[in-house]
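The values are calculated or read from the model by the stated rules, or taken from the named source; none is laboratory data. Note that the structure is predicted; figures quoted are calculated from it, not measured. So basically every Cβ, Gly included, is an ideal-geometry build from the backbone, and we count neighbours across all protein chains shown.
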Amino acid sequence: MKSEQIISNFKAAKEVFAQQGVDVEKALETLAETPISIHCWQGDDVRGFENPDQELSGGIQATGDYMGAATTPTQLRQDMEKAFSLIGGKKRVNLHAIYIDTDEVIERDQIKLEHFDRWVAWAKENELGLDFNPTLFSHPKASDGLTLSHPDKAIRDFWIEHVKASRKISEHFGRELGTPSFMNIWIPDGMKDQPADRLSPRQRLADSLDKALAEKIDTKFHRDAVESKLFGIGAEAYTVGSNEFYLGYAATRNIDLCLDAGHFHPTEMISDKISTCSLFVDNMLLHVTRPVRWDSDHVVSFDDETQAIMREIVRNKLLDRVAIGLDFFDASINRIAAWVIGTRNAQKALMKALLEPTEAIKNAEEAFDYTTRLALTEEAHSAPWTAVWDYFCHINDVPVGSAWLNDVKTYEAEVLAER
């Protein structure tokens, strides 16, 4: 689409939204300033660089064998740069501890700041924030399916030290980059069949977390978050870190709660949980993903739930309390394309929410005028928001529409196919 047509369409759309009381310029500014934390593990199928030959565990599985997976930190950063060139607005990068960048062989409880200095230097060059995750899976000391809740104190202590070390790295990111690093703790702990004792592992988990998080770190640089899961492969009957456990833990320890869109019953939606959780925890972290038959971590679509998540954040004015991150890994398609599709869909959903006549809809509801509420909500779906999206891409110098796919195909032929 030519620039003149994009601008003309935008001006016409802006007039339509103005009639509805929507400030399009403010929506554009908000979208541009709202960072999306893009997960590095889409680029290499969650292998990492600590020991790429280590078998995946913890219920994690990336399926497919598409060409060109990154096998070094340099390749991964190169691939992410390509994806970022096709995505407008602010971006962050979410790292797991296994994405260590060093020539040394380092055990996880011994990771240090200097092992991630190349990531920090790269983030500075590209004006990116960095987030972090301790990696409590794909390791011999996680082979029993238990880590921080393990009955063996030595194993618990190992993982406690890993979380402590990860917190210092996360704090380092925040200090160096001038934006707090969100460090999310997810563990695979659970059991394949019904346990006789559901309480003791949760007592051990709470105690381990208390020890790991005991040191106070300024939230200007680092934020702790905990993430629940309903079940996983090998943990079908019981998960130690349930939603109730982590909601209670986050609320009583004054840390952040992470809600993953794929970690609940198939009919449960995190969009419905956001407002409730906001009453009891100060800040939340989201892992926006697409479950298909539960937690399959498909590439984010512009589907009903993704739109509902963004509407809940915008309608309840929670953008300053909710950090938006992505979490998916698909090895059956071009990995750069997966990043671009998923991130742009999350941004589209956020833009559509920002362009909704929220105040008019809420006013109708408060007046018990549910007819108007429904009518305005449904009409918003067909409002000319796509013209505003195209304009956002245009002014951010990224391809409009599907034009980005040509760049990805060229990169595949020239870079990925040579690996």
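At a glance:
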| read-out | value |
| --- | --- |
| Conditions (1) out of contact with any strand residue (DSSP E or B) (no Cβ under 8 Å at 6 or more places or on another chain); (2) surrounded by fewer than 21 Cβ atoms within 10 Å (Cβ to Cβ): number failed by Leu205 | (2) |
| Test: residue in the range 34-43 that is crowded, with 16+ Cβ neighbours inside 10 Å, touching a residue at least 24 places away in the same chain (Cβ under 8 Å), outside the structural domain of Leu376 (by TED's automatic domain parsing) and within 20 Å of Ile106 (Cβ to Cβ) | yes |
| First in the range 288-303 and assigned to a loop (DSSP other than H, G, I, E, B), second anywhere and modelled with pLDDT under 95 and loosely packed, with under 14 Cβ neighbours inside 10 Å, Cβ under 8 Å, 6 or more apart | Pro291/Pro266; Arg293/Pro266; Trp294/Pro266 |
| Residue list for the range 7-49, restricted to those being more than 26 Å from Leu285 (Cα to Cα) and among the acidic types (Asp, Glu) | Glu15, Asp23, Glu25 |
| Flag if Ser200 is at pLDDT 95 or above and surrounded by 15 or more Cβ atoms within 10 Å (Cβ to Cβ) | no |
| Counted residues, the range 146-172 - those being of a type outside the set (Val, Ile, Thr), more than 18 Å from Ile100 (Cα to Cα) and surrounded by 22 or more Cβ atoms within 10 Å (Cβ to Cβ) | 5 |
| Residue match in the range 100-117 (condition: in the same structural domain as Asp256 (by TED's automatic domain parsing), within 26 Å of Thr30 (Cα to Cα) and crowded, with 21+ Cβ neighbours inside 10 Å) | no |
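Okay, residues lined up against (1) under 21 Å from Pro399 (Cβ atoms); (2) among the charged types (D, E, K, R); (3) not in a helix (DSSP H, G or I); (4) not assigned by TED's automatic domain parsing to the domain that holds Val322:
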| site | (1), (2), (3), (4) |
| --- | --- |
| Val16 | no, no, no, yes |
| Glu50 | no, yes, yes, no |
| Ser57 | no, no, yes, no |
| Ile60 | no, no, yes, no |
| Gln75 | no, no, no, no |
| Gln78 | yes, no, no, no |
| Leu86 | yes, no, yes, no |
| Asn94 | no, no, yes, no |
